[in-house]
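Colleague: Submitted below is the structure of interest, expressed as structure tokens.
The values are calculated or read from the model by the stated rules, or taken from the named source; none is laboratory data. Since this is a predicted model, take the numbers as computed values, not measurements. Here the Cβ positions follow ideal geometry from the backbone for every residue, glycine too, while neighbour counts run over all protein chains shown.
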């Protein structure tokens with residue numbers, strides 16, 4: 001009788017083990033980043049630290065961080081270099097917090113970058129990636145000074161009274177901090193989709209555009225009028241991109257508020 005009971009227990013155990021073995025792991029891991037850290041800034045020469053929490057229902061595998069520029073493809077040989085970074089780390093357990101420590105070269109090109117976070121578990125299931133907007137600064141990036149719209153100093157947003165068209169008088173000074181001088185300035189008014197940097201090259205959202213090209217001038221005063229049709233049902237912003245001969249980029253975004 002004891003022998004029969006033992007054999008029965010072995011059979012039940014074998015069936016249970018087989019059932020568990022056949023149960024596939026299809027649950028994706030999760031990446032958690034503080035919502036306040038989805039837009040960050042850093043300075044060339046510093047060490048950037050990005051903290052992320054990873055979790056899985058069974059067992060984590062690995063995480064990857066990738067940083068690449070979001071420039072427009074314009075490039076020529078300069079002392080500054082576009083920054084790029086890739087790193088893969090091994091994870092263990094069901095939950096893991098990791099601090100990515102990222103050294104940024106002192107000659108990294110100032111501008112806008114994307115930080116991408118990825119994660120897979122032991123079975124190869126991939127988490128939904130997390131994207132972080134990184135603004136990289138440099139002491140020699142060009143400056144926007146004495147900036148006024150319709151005679152008012154502007155820091156974050158532009159207030160505009162509803163009318164049949166958008167009419168802005170834009171005035172200010174662009175100054176190159178680098179000895180190489182200025183190369184280009186772009187002014188665009190765009191219909192926003194909630195991810196302004198992703199539409200920076202999408203002309204279908206641009207309702208006004210004015211560009212200036214330079215030959216290394218140290219500074220440039222600008223004074224022009226922007227007139228464009230707009231739809232009150234959408235939100236808009238003025239985007240300003242400044243580039244000097246070292247390819248350092250300064251980007252400003254000003255929300256247009258209607259009243």
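Colleague: Kindly list the number of the only condition in (1) at pLDDT 90 or above; (2) in a loop (DSSP other than H, G, I, E, B) that fails for residue 42.
Modeller: (2)
Colleague: With the structure loaded, tell me whether residue 112 is within 15 Å of the chain's Cα centre (by Cα), touching a residue at least 40 places away in the same chain (Cβ under 8 Å) and in a loop (DSSP other than H, G, I, E, B) or whether it fails that test.
Modeller: Spelling it out, it is not the case that residue 112 is within 15 Å of the chain's Cα centre (by Cα), touching a residue at least 40 places away in the same chain (Cβ under 8 Å) and in a loop (DSSP other than H, G, I, E, B).
Colleague: Hey, another quick one. Looking only at residues that are assigned to a strand (DSSP E or B) and surrounded by 17 or more Cβ atoms within 10 Å (Cβ to Cβ) in the stretch 213-236, which one is modelled with the highest pLDDT? Spell out how you get there, then give the answer.
Modeller: Start the filter on the stretch 213-236 by keeping residues that are assigned to a strand (DSSP E or B), which leaves 213, 219-228, 236.
Adding the requirement that they be surrounded by 17 or more Cβ atoms within 10 Å (Cβ to Cβ) leaves 220, 226, 236.
Values: 220: 97, 226: 93, 236: 91.
Restricting to residues being assigned to a strand (DSSP E or B) and surrounded by 17 or more Cβ atoms within 10 Å (Cβ to Cβ), the top hit is 220.
Colleague: If I filter the stretch 158-178 down to residues being modelled with pLDDT of 85 or more and not in a strand (DSSP E or B), which single residue comes out as surrounded by the most Cβ atoms within 10 Å (Cβ to Cβ)?
Modeller: Filtering the stretch 158-178 for residues that are modelled with pLDDT of 85 or more and not in a strand (DSSP E or B), the one surrounded by the most Cβ atoms within 10 Å (Cβ to Cβ) comes out as 176.
Colleague: Let me ask something else about it. Answer yes if at least one residue in the stretch 246-259 is over 28 Å from the mean Cα position of the chain (by Cα) and loosely packed, with under 15 Cβ neighbours inside 10 Å, and no otherwise.
Modeller: So far as the stretch 246-259 goes, yes, one or more of its residues are over 28 Å from the mean Cα position of the chain (by Cα) and loosely packed, with under 15 Cβ neighbours inside 10 Å.
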